[in-house]
Each structure stands twice: as C-alpha cells, then as structure tokens.
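Presented below is the structure to which this report refers.
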Amino acid sequence: MASSESYIGKPVSELPTPSLVLSKPTIERNIEQLHQDVAKLGIAFRPHVKTLKSLEVTRMMLGSQHRRIVASTLPEIEGAVPLVKEGVLDECLYSMPIYPSVLPRLSELAKTLKILLMIDNEQHIDVLEQFKGASAPWPVFIKIDVGTRRAGIVNSSSALPSLVKRVEESPAVELYGFYCHAGHSYACRTEGSAVGVLKEELEGVVSASKHNSTSRKIVVSIGSTPTAHVVRELKSVLPENLELELHAGNFPCNDLQQLSTGLISPSQQSIRVLSEVCSVYPERNEALVNAGTIALSKETSEFPGYGRVTDRPQWGVVRTSQEHGILGLSPAPALKLLGVENVAEEKAAETWKVGQRVFLYVQHACITAAAYEVFYVVDEKDIVREAWVPWKGW
C-alpha cells in the first residue's frame, strides 16, 4: 500500500477511495475571518481541536495571538504538546466533566502546560479533593447549560450557588470561570436566530458569574460554530471583573449542517470525501459508491441524505450501510432547499460509470473526520500538498 506522502504533488483524482480531502485555502480563509472578528471585538479566543485533531490546523487556529485550546480527548491534548515547545500554546481545557480515571494522565500533562478542568456537580469537587496527585489547585470552569441539555447546570438550579461556594472554599480547585456551549444553535436557520442564541450564551454565563464572591477577574467562555459565525454582532458590555472568551471548533471545515443554518456559503466548506462508483442500477435510478456509514456517518441536517455530490447537488447519498453508499436523486422540495430548481431528472445510467470519482460534501465534519487515518490537504487547483495525520482514540 502506498504511503500517504507518496500522493503529495499529485492531482486529488489519483487518491485512493474513500479519502478525506481538505482545501487548505478554504481553511485559511475561514480561520482568518474568525480571527478578524474576535480581534475587532477585543475578546479572547479558544479554538476547539476536536474536529480535525491535528497539529497543523491547531497551529493555524491559534495563529500568533491566541494561546489557549479546548480538547475533548486525552490524545488531543497530548498531540498538542509540541505547540507548547514551540512557544505558541500555554493552556488547555479538558472539556468533559471530570471523572477519576482521567486525572493521573491530566496531572502528568499539567507538568507541561496549564490544564483546566470542567465541572458541573459537587461530586466533581469530591473527586478532586480525593485525588492526591495534584501539586496545586486545579483551575476549573463551571459548565452552564443554556439550553442544549447535554452537560452543565442551569442558572435556575438551586445547586448552582452551592457549587460556586464549594469551589471557592475547596483547597483542591480555584475558579477560572463559567463556560457554556450552545449546541442547540445548530438548529438556527437565520443570522437573527443565531444572534439570539449568542446573546443567550452571554447572558447565561454572566448571570452565573454573579454567584462568584471573589474580587479577581474570571473568564466567561461562550461559543459554538454557528454563534461564532455571528460573533461580530456582539455588542454587550461586560462587568469589569469578567473576561470574555469565544470557543469554536468546526469553523475551519464547515459542513452541510453549518450550511443549513444559512450562516455560511457552500464555498466555505473545506471538507470533502472522495469516493468511487462501484455499480449502477438503471432500474431504480441509483448508483453505488464506496462511502457508507463508516466513511460519512449517519448524521443528517435540513439537507437530505448523508452526503451531497459537490458538482451535482441534485444527487446525494440517500441510504448507507457500513461501507456502501447509495447515490439517488432528491425530491423536488429538497432540491429547492439546495437552491436547485428546474433541473431535468438525470438518469443514473447516463450520469454514473463504474470507476468514476465522486466528491461528497459531508453532514458533520467532526464525526466524518474521525473515521480517517490521514487527511489529504489540497491547494486551489486540487493538487495534494500535505498529508495530515490526526490524533486518534480517547
């Protein structure tokens, strides 16, 4: 089997299938736009590394001004350690609410870079007080649930003031700030609705911060990729004891879920899956490609199917099994959603041939990317220029 580096300098059409392909010029534009937005607002930025999980894009997301990241897995944190040695990374937030078995590895990592923890329950304080391997109090974010109903504690909970008081009194932790993630913002379909969720995020963490009785400045961290797309609309003035920070992770890639929010254009999608036609079925007007559930995921959005053909948007992956993807035409209402109207119905037998290469836009970049051992990075002419190896596992 050819090594991934052997494809550098070759046209993307020569890659094995299925392959994950990234447009570096598009990634650079997406990152630059967000960097400009936070710079104009004068706020801090903490990129989430969970989407592409690689040293190269993490370095790009940090740029020259930002020195914090958030990670979902230990290999992501361990993989980013070279950036500490480069002098561009100072601290990392481990985004899962803390649990006992992860503490020894995080304690070891804390010798190299500042590790922040996430908590939303007094039991977390118990766990940290019982752990004997820390040399100093753990800085912690208290996670606030602003509507996603995943992790976090709601502002109306009677347990919140008690949790803040427990943090302030415990010798095992020190309060770093309040954090929220509006995952439900993916349901937004207009800029106005995304701005509304952005304001809810800010109000949520600012309200939670009022339980803090210390005088020192703490961080309020908000963000998700949909609300990051409209962060330029943020006009609120914060109390003097708060520092505002934005976090986001999907934004270098974008995907069909992001496109369905109406906040990006199709050209801002930097991620594609290269697949290959394996058979054609004229009697049902469908074709088979070698990108199924494992290569694409089972995620969906307002856009139908599990992937869209980039240059024939009326065609999408309408069904999948483990390694099989079925290309079919979308119904007229779905085509209208895609901005495709008055298109004559194409025949699979005339459109697809065995061995034909097919590029697919994906529904959820984070989950799709997790399936691949290497990312092929192309230039504006679709020539492979780099091969990035992501951090794998938990």
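A few comments on the model shown:
- Helix-only CD estimate at 222 nm, as mean residue ellipticity for the chain, using -39500 (n - 2.57) per DSSP H run (n ≥ 4): -8000 deg cm²/dmol
- Dipole magnitude of the chain about its Cα centre (Cβ charges: Lys, Arg +1; Asp, Glu -1), debye to nearest 20: 220
- The DSSP beta bridges internal to the chain are antiparallel in roughly 45% of cases.
- Prolate/oblate/rounded label for the stretch 84-200 (Cα gyration tensor, a/c 1.5): oblate
- Centroid-to-centroid separation of the stretch 145-170 and the stretch 180-200 [C-alpha atoms, Å]: 21
- About the centre of its Cα atoms, the stretch 237-394 shows a dipole size close to 500 debye [charges on the beta carbon of Lys, Arg (+1) and Asp, Glu (-1) only; nearest 20 debye].
- The chain: angle of helix 191-209 to the longest principal axis, Cα-based, in degrees nearest 10: 20
- Accessible area of the stretch 84-126 belonging to carbon and sulfur atoms, whole % at 1.4 Å probe: 50
- The chain: C-alpha gyration tensor shape, a/c 1.5 cut-off, then a/b vs b/c: prolate
- Dipole of the chain, positive direction: furthest Cα of P100, L234, S270, with charges on the beta-carbon: P100
- Degrees, to the nearest 10: 74-85 long Cα axis against longest axis of the chain: 80
- Solvent-accessible surface of protein heavy atoms, probed at 1.4 angstrom with all chains present, puts R166, R319 in the order R319, R166, largest first.
- For the chain: accessible area per residue (Å², 1.4 Å): 43
- The angle separating the long axis of helix 24-41 from the principal Cα axis of greatest extent in the chain is about 30 degrees.
- Percentage relative contact order, the stretch 48-182, counting C-alpha pairs under 8 Å, at least six apart: 19
- Out-of-range pairs (alpha-carbon distance over 19 Å; input K10/K381; K40/K235; K111/K217; K298/K353; K10/K392): K111/K217; K298/K353; K10/K392
The values are calculated or read from the model by the stated rules, or taken from the named source; none is laboratory data. Not measured: the values here are computed from a predicted model. Using ideal geometry, Cβ is built from the backbone for each residue, glycine included, and neighbour counts are taken over all protein chains shown. With ligands, DNA and RNA removed, areas are computed over all heavy atoms of the protein, side chains included. Shrake-Rupley method; radii C 1.70, N 1.55, O 1.52, S 1.80 Å.
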